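A short worksheet on the structure shown next.
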Protein chains: 2
Amino acid sequence: MERKVTLACGDGGELAHKLIQQVFVSAFQNQDASRFDSAFLSLESGKIAVTTDSFVVNPLFFPGGNIGKIAVAGTVNDLSVAGSIPLYLTAGFIIEEGFPLEDLRKIVRSLAEEASAAGVRIVAGDTKVVEKGGADGLYINTTGIGVQRAEHAIRPGEMQEGDDVIISGTVGDHGIAILAARGELGLMTDLQSDCTPLNHMIDKVLESGAHVRMMRDPTRGGVATTLVEIAEDFGAAIEISETALPIRNEVMGACDILGFDPLYLANEGKVILIVARNDRQRVLDVLRAFPEGRNAAVIGHITGMGEGRLLLETPLGSRRRLRRLSGMMLPRIC
Amino acid sequence: MERKVTLACGDGGELAHKLIQQVFVSAFQNQDASRFDSAFLSLESGKIAVTTDSFVVNPLFFPGGNIGKIAVAGTVNDLSVAGSIPLYLTAGFIIEEGFPLEDLRKIVRSLAEEASAAGVRIVAGDTKVVEKGGADGLYINTTGIGVQRAEHAIRPGEMQEGDDVIISGTVGDHGIAILAARGELGLMTDLQSDCTPLNHMIDKVLESGAHVRMMRDPTRGGVATTLVEIAEDFGAAIEISETALPIRNEVMGACDILGFDPLYLANEGKVILIVARNDRQRVLDVLRAFPEGRNAAVIGHITGMGEGRLLLETPLGSRRRLRRLSGMMLPRIC
C-alpha cells in the first residue's frame, strides 16, 4: 500500500477496500459488523439518545491529544452530560488526498483507544477522500448512540435559587493548548489540552444520588456561553465569581498576553453541573476522586428564577453581565 | 444576518446560535428536540441498525438533486438495503467560510424535504465552519438509525444456484449526470441523477413475501464492484449479461465518448437484489409499480456456490471476469 492516501482510496474500489481493511477495521476490531459502514446493535432499553458532531481541529495533533481523541471525547461527553449512557459511536472520515498514512493510523489508533477507555464501541464508519486542499488534512464526524437512564437522573425542572454551579476542573486549557500548538503567536507553554471522555466520572456523580439539575460541557464558546445558554433555557439568574474560577497559571498568563478571556475559551474535558446546595460536597468529593476532576470547584450559584441572565462578580466585588461569545474568538478549536 | 457564512458562525457563540436557529431548526421543524445537537428517540424494538456516510459531491447542485438530497438518499438506502426500516437521521455540516447562505438554505430545505418524503426524521445536527478553501463549499455527514425487521426478511444464507440478479433501473445515471454538471468534458446532456430514497419501494418488495437473499445499493464503484463484493462475501459465482443491462442512451453515448464502463459508474437511486428464481416476476412487478423502479430488469443469475467471482457475458457470447474498481474512476461522486 502507498504511504499516502490517494484519491483512488475514496472511490469505492479495490484501494478503498484496502484502506478500510488495513487502517480502520484492524484498529476497531469490529467483531460484530460484517461491513465497516453499518451495524446492528442491541439495546436493552427502547429509549435511546443520539448526538452528532464534526471535528475540524487545527492542528490535528496537539499536546494532550489529537483529532481522533477529541472526536471520541466530544461526542461521548455530549451524551453523558445529557444524562445518557454512551454505548456506540460511528466515525466518518473526510481525508485530504496526500494525507500521510502513518498519521492516519495514529489518529485512528487514538480514536480506538479512547473509545475503548470510555467503554463505547465503534460500530460503523465511512471514508471519503477529497482533492488536495479540500479538507485541511482530515475531518472526522462522530455520531454517538446511548441509552437514556431509566430514572430521571437529571431534573432541570427542579433548578432553584441557592443551587450551586460546579465546574469539574480548570478553565481554558484546550483553547490555549491549541493556540500554542499552532505556533503562530509565539506562545511557549507545556500546557496540555484537557480533552478526555468524562462519562465514567459523570456516572459516579449520578450514582451518588446527588440532586443534579443540569450538566453541560463548556466546549466552543467556553464557560460563559454555556452558562448563558443554561440561564436562558431555564430562566435562571446565575452568578459566578471570578476569584472562584480554577485557572492554570499558564492559561491566565497566555490570556493576559493575548487579550483573551478564559471564560470564552474552549474546554474538551470539563463538565459544568448545577446541583442542589445540600449535595455540593458530595458532588465535589466524587469529582475530585478522578484525575480529570481533581481541580473541581464551586464557581457560583443560582440567585433566582425568572429572568435568565449570567453575572460575573469581579475580584473588586462589582458585577457585570456576561453574554454569549459574539464575533470570532478561535476558529477550528475542536 | 449576513448573506454569507462567516468563520464566526462556527465558534459556538451568538452567530452560531443564529445560523442554527434560522437555517436548520426552522427547516427541520424538529419539535421534540430542545437542542439541535442531540435527541432522545423512542424505538419499539430493541434491535437497531446504524450506518454513517459523509457526502463530498462536486458540484453541490446537479441535475436531479443536490448534496442535501443525496445525503438523505445515500444513508436511507444503506439502511434499507440491509433490511432495516430507516427512522432517524443525524446531519453534520462542514461549511466553508464565505458559503452563500441562500445556497445553504436550498440544500437544507432539500435535505428536509427528502427526509420527510422518505419518512425519516432529522433528530440531531451539527455545524462547523472552516476557513476559505477548507471544505470546497460544503460537506455533509448523515448517520442513519433504524430498526431491524422483526423477521428474517433477508436471508443471504439461502443464496443458491439459479437465483436471479435484479437491478431496479438504469445503470450509471448519477455518474454521468455529475460528470456533465462539472462541465469539464464538454458533455451536453439532459440526463438527471437517479438520486432518491428507495425505502418505500424496498418495503413493498419485502412485504410481498418474495425470497430476497441479499440487497445492495451500487453507489461508489458501481454495479460491478457491488456484485464482486456480494460474490466474495458469500462465495457466489455470479454471471450477468451485458445485453440485459438497462442503460439509457445518453449514458451509453457518454461512456462511448469518454471511455467509461457503465458497470463502474455510481448510482444513487438503484438497488441490486438477489432473489429466488420463483419470485422473480413478483419482485419485478413490485419494483415496476414505482417510478424509481420502472426500468427494473433481471440482469443475471447465480451460477453456483463456492468460489466467489463475477462474470460478464458479452454480446458476442464470450465471458470475462470483472473485478472491483481499481485505480480511480470519478472522484467526489457522492
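What follows is calculated from the coordinates using simple rules that are stated; it is not laboratory data. These numbers were taken from a predicted model, which means no experiment stands behind them. Reconstructed Cβ throughout: ideal geometry from the backbone, glycine too, with neighbour counts over all protein chains shown.
Some observations on this one:
- Rounded to the nearest 20 debye, dipole of chain B from Cβ charges on Lys, Arg, Asp, Glu: 140 debye
- Choice from A:LEU138, A:LEU185, A:LEU263 with maximal GNM fluctuation in chain A (Cα, 10 Å cutoff): A:LEU185
- For the protein assembly as shown, the Cβ-based charge dipole about the Cα centre amounts to some 120 debye (Lys, Arg positive; Asp, Glu negative; other atoms uncharged).
- Placing a label point 7 Å from Cα along the Cα-to-Cβ axis, B:GLY259 is separated from the same position in the other copies by 5.7 nm, shortest listed first.
- Rounded to the nearest 500, the helix-only mean residue ellipticity at 222 nm of the protein assembly as shown stands at -8000 deg cm²/dmol, with each DSSP H run of n ≥ 4 adding -39,500 (n - 2.57).
- Cα centre as origin, Lys/Arg/Asp/Glu Cβ charges: the range A:156-322 dipole, Debye: 140 debye
- Among the residues of A:79-92, the average count of other protein chain beta-carbon atoms within 10 Å of the residue beta-carbon is 3.
- Neighbouring Cβ atoms from other chains, within 10 Å of the Cβ of residues in A:52-64, number 4 on average.
- Relative contact order, whole percent, for chain A stands at 22, derived from Cα pairs under 8 Å and 6 or more residues apart.
- Taking the Cα atoms of chain B, the ratio Rg/Rh between the radius of gyration and the Kirkwood radius comes to 0.99.
- A point 7 Å from Cα along Cα→Cβ stands in for B:LYS4, and the other copies hold the same point at 3.0 nm, listed in rising order.
- Rounded FRET efficiency, nearest 0.05, which uses the C-beta distance separating A:GLU102 from A:MET188 and R0 of 25 Å: 0.40
- Cβ-vector label at 7 Å, A:PRO315, separations to other copies in nm: 8.5
- Debye log10 I(q)/I(0) at q = 0.11 Å⁻¹ for the protein assembly as shown, Cα point scatterers: -1.05
- Antiparallel bridge percentage (DSSP; both residues within the protein assembly as shown; nearest 5): 75 percent
- Legend: mean number of C-beta atoms from other chains within 10 angstrom of residue C-beta atoms, peptide A:180-187, equals 0.
- DSSP bridge pairs, chain A: antiparallel proportion in percent, nearest 5: 75 percent
- Sequence-distant aspartates and glutamates (8 or more away, or on other chains) whose Cα lies within less than 12 Å of A:LYS132: A:GLU96, A:GLU97, B:ASP136
- Stretchable slack from B:MET305 to B:GLN22, in nm (0.36 nm times residue separation minus alpha-carbon distance): 96.3 nm
- Chain lengthening between B:ARG323 and B:ASP285 when straightened (0.36 nm per residue, less Cα-Cα): 10.6 nm
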